Amino acid sequence: MVTIVPSFGRIGEENAFAVLARAGQLAAEGRDIVNLGIGQPDMPTPAHIVEAGIKALRDGHHGYTPAVGILPLREAVSRDLHRRHGVEVSPDSVMIVPGGKVTMFMAILMFGEPGAEILYPDPGFPIYRSMIEFTGATPVPVPIREANGFAFSAEETLSLVTERTRLLILNSPANPTGGVTPKAEIDALVAGLAAHPDLAILSDEIYGTMTYDGEAHHSLLRYPEIRERLIYLDGASKTYAMTGWRLGWSVWPKPLYDAARKLAVNAHSCVNAATQWAGVAALDGSQDCVAEMVAEFDRRRALVVEGLNALPNVSCITPKGAFYAFPNVGKTGWKAKKLASALLEEAGVATIGGPDFGVHGEGYIRLSYANSSENILRALDRMGTFLSERAGG
Ligand code: PLP
């Protein structure tokens, strides 16, 4: 019998994919399922981006590219970061990777080892904790609180730093809460980080283009004082509705860039060439497609928040970013994961239980409103009927 190394006993996964599979199975059995579980835009990739990918294949871009990505795409990322955040980023510090996840995979591998502590948001994207545990490092959750509008707190984050903390993971706009951390809080965090000069920072800004109500997304890239220890994570999955293309990018401090390049050479060699050319079209083309998508999410956000607050014993603060609502279901009498499971099996509505995003997610469920208004209304209607009939679990 073969045995794999024990660290694989510690690796986790994303329950959203299990819910997606179960929802698909129920649908295949003839059930009518509304899927508000998975976090991906329901729109197709904009046509000009698809065309650029097809053209690249027709033009013969079939081979390996440099492991760090083609220069035109790294230059396009630099221009995009300058346009959106007003910062100078050399294409030589930009790395093209197969999706946003790969940057966190690399960063956590670089800093995680037994004895090290890594701070990560809870509730937060489940892969942070999974990867931290895989490396043998100690995961230290930073609670993300509804009372704080689901922004992270600089004070609480800094209070958790010890001499063993090697990496701090930040995420704004955030999954699963839709929270956006205001500039003043980020200023305070960065000021406090001056006392911890050996602490690296991974800023996951994959939802950076998706904010509402005039709430500006404030990138960690804007702070020159932490640039030599900041890893910036971004990508095309959410902004350009390209989850299946597998295209992400990151900005690395000089001393880490070569380590990231070597990981790429060892793992995936490069992102497929046609996808990279599609990425150039995405970043250099008109950004109207992004504005239209965000405006559509904004309309659905209003529907979902209003509908959730009308449900018995449910309350939902208005998310300021991404495309998730994270309603408080603590007063329904249901444990969050049981509720999510019952909603899927009995009411035909797929959501994700808050505890799938960490212990501080108990009492909440996540709904992705990257679905049609019609489906959102159907889901809310079914949830209303279910909760009135099945109050208290
Ligand atoms: N970071 C966060 C916070 C996410 O929610 C996701 C996807 O859901 C990712 C990263 C990963 O994105 P990708 O699909 O590009 O790997």
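The values are calculated or read from the model by the stated rules, or taken from the named source; none is laboratory data. From a predicted model like this one, the values you see are computed outputs, not experimental measurements. FYI the Cβ positions are ideal-geometry reconstructions off the backbone, even for glycines, and counts take in every protein chain you see. For the accessible areas, the whole protein counts, side chains as well, though only heavy atoms, and no ligand, DNA or RNA atoms are used. Shrake-Rupley method; radii C 1.70, N 1.55, O 1.52, S 1.80 Å.
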Within the chain, what percent of beta bridges assigned by DSSP are antiparallel, to the nearest 5?
45
Provide Rg over Rh for the range 160-280; use the alpha carbon set for both Rg and the Kirkwood Rh (inverse mean inverse pair distance).
0.99
log10 I(q)/I(0), Debye, Cα-only the range 284-328, no solvent, q = 0.16, 0.22 Å⁻¹?
-0.47, -0.72
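Taking Rh as the Kirkwood radius computed over C-alpha pairs, what is the Stokes-Einstein D of the chain at 37 °C in a medium of viscosity 0.692 mPa s, expressed in µm² per second?
Details: Rh = 21.6 Å.
The calculation lands on 152 µm²/s.
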Starting at the first residue of the range 40-46, write each ³J(HN,Hα) from the Karplus equation 6.51 cos²θ - 1.76 cosθ + 1.60 with θ = phi - 60°, in whole Hz, x for Gly and Pro.
8, x, 8, 7, x, 4, x
Separation between the GLU215 and VAL265 pseudo-spin-labels, each 7 Å from Cα along Cα→Cβ, expressed in nm?
4.3
Each label sits 7 Å from Cα toward the beta-carbon; between GLU345 and ILE4 the label points are separated, in nm, by 2.8
Would you mind putting 25-35, 297-307 in packing order, based on average other-beta-carbon counts within 10 Å, highest first?
297-307, 25-35
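Roughly to the nearest percent, how much of the accessible area of the range 293-393 is carbon and sulfur, given a 1.4 Å probe? The partial results should precede the final answer.
On the way: 1940 of 3870 Å².
In the range 293-393, the share of accessible area belonging to carbon and sulfur is 50 percent.
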20 °C / 1.002 mPa s Stokes-Einstein diffusion coefficient of the range 181-224, Kirkwood radius on C-alpha pairs, µm²/s:
183
Would you calculate, for the chain, the mean residue ellipticity at 222 nm contributed by helices, counting each DSSP H stretch of 4 or more residues as -39,500 (n - 2.57) and dividing by all residues, to the nearest 500?
-12000 deg cm²/dmol
Which whole-number value in Å² is the accessible area per residue of the chain, probe 1.4 Å?
41
Whole-Hz Karplus ³J(HN,Hα) for the range 304-315, in order, using 6.51 cos²θ - 1.76 cosθ + 1.60 and θ = phi - 60°, x for Gly and Pro?
5, 5, 4, x, 5, 5, 8, 6, x, 6, 10, 9
What is the spin-label model distance, in nm, from LEU160 to GLN40 if the labels are put 7 Å beyond Cα along the C-beta direction?
2.9
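Which whole-number percent gives the relative contact order of the chain, counting Cα pairs below 8 Å spaced six or more residues apart? All intermediate terms of the calculation are to be shown ahead of the outcome.
Details: 791 pairs, mean separation 91.5, N = 393.
It rounds to 23 percent for the chain.
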Please report Rg (one decimal) and Dmax (integer) in Å for the Cα set of the range 63-284.
16.4, 51
Between ASP198 and PHE17, the FRET efficiency computed from the C-beta separation at R0 = 30 Å comes out, to the nearest 0.05, as 0.25
Going 7 Å from the Cα of THR385 along its beta-carbon direction, which residues of the range 327-364 have the amide nitrogen within less than 20 Å of the resulting point?
339-351
For the range 346-393 versus the range 121-194, the gap between their alpha-carbon centres in whole angstrom
25
Eligible lysines near LYS183 by straight Cα distance, threshold 21 Å, same-chain separation 8 or greater:
LYS320
Quick one: length gained pulling ASP187 to ASP92 fully straight, 0.36 nm per residue minus the C-alpha distance?
31.5 nm
